[in-house]
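Comments concern the structure below.
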Amino acid sequence: MKAPPKTNDVPVIRPHQLKEADGFLFGFPSRFGVMAAQCKAFFDATYELWASQALAGKPAGIFWSTGFHGGGQELTALTAVTQLAHHGMLFVPLGYTFGSGMFEMNEVKGGSCYGAGTFAADGSRQPTDLELQQAFHQGKYVAEIAKKLKR
């Protein structure tokens, strides 16, 4: 699919391993407002988990990267929610819990109330400090909710 090769230091998760988690943050590169085909293929491979509803009730958030403005950041989140819904997972949006960082207008920043995000441009742009802070906040937020649900 013309994606760059995966480096050897990136761990690979298999669908059956999802049962072990208390919650999830799924990250996607976006292609035309939907998750990349490789990510969709991963979800397609979770059929047995779906059939048994093994992931039902587990909290899940979404984050993404798009090339440019208009690359479908919010649409990527909305189309990914269908994967969570079929599994019975609980979508945990970021909302406006990131405070003033959600309203930043003096720099380019991805993300929205649906989740953290970044703009990759041609692949050379790295996330800004603000985008990284938003992603860290989202991770902490979803982890806190997972912990509450686990009790």
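The values are calculated or read from the model by the stated rules, or taken from the named source; none is laboratory data. Just so it is clear, the model here is predicted, and its values are computed rather than measured. Note: ideal-geometry Cβ built from the backbone for every residue, glycine included; neighbour counts use all protein chains shown. To get the accessible areas, we keep the full protein, side chains included, count just its heavy atoms, and leave off ligands, DNA and RNA. Shrake-Rupley method; radii C 1.70, N 1.55, O 1.52, S 1.80 Å.
Quick notes
- Between Gly95, Gly110, the distinction of being small (Gly, Ala, Ser), under 26 Å from Asp22 (Cβ atoms) and not in a helix (DSSP H, G or I) belongs to Gly95 only.
- Scanning the stretch 21-75 for residues that are within 25 Å of Ala143 (Cα to Cα), aromatic (Phe, Trp, Tyr) and open to solvent by 30 Å² or more (accessible area, probe 1.4 Å) yields a total of 3.
- Restricting the stretch 85-111 to residues that are under 14 Å from Phe63 (Cα atoms) and among the aliphatic types (A, V, I, L, M), the residue that is surrounded by the most Cβ atoms within 10 Å (Cβ to Cβ): Leu94
- Looking across the stretch 118-151, the residues that are within 13 Å of Glu107 (Cβ to Cβ) and surrounded by 13 or more Cβ atoms within 10 Å (Cβ to Cβ) come down to Thr118, Phe119, Arg125, Pro127, Thr128, Leu130, Glu131, Leu132, Gln133, Gln134.
- Thr76 meets each of the listed conditions (1) modelled with pLDDT of 95 or more; (2) of a type outside the set (Lys, Arg); (3) outside any strand (DSSP E or B); (4) touching a Ser or Thr at 6+ places or on another chain (Cβ under 8 Å) apart from (1).
- Here the condition is being hydroxyl-bearing (Ser, Thr, Tyr) and within 20 Å of Phe91 (Cα to Cα); of Thr7, Thr76, it holds for Thr76 alone.
- Selection count where residues are farther than 21 Å from Ala120 by Cα and either of a type in the set (Gly, Ala, Ser) or open to solvent by 90 Å² or more (accessible area, probe 1.4 Å) (or both), scope the stretch 4-20: 7
- For the stretch 95-141, a residue qualifies if it is touching a helix residue (DSSP H, G or I) at 6+ places or on another chain (Cβ under 9 Å) and under 17 Å from Met35 (Cβ atoms), and the qualifying residues are Gly110, Gly111, Ser112, Tyr114, Gly115, Ala116, Gly117, Thr118, Phe119.
- Contact map, the stretch 1-20: first residue without any contact (Cβ under 8 Å) to a residue 60 or more places away in the chain, second residue polar (S, T, N, Q), Cβ cut-off under 8 Å, separation 6 or more or different chains; pairs are Met1/Gln38; Ala3/Gln38; Pro15/Thr46; Leu18/Thr46.
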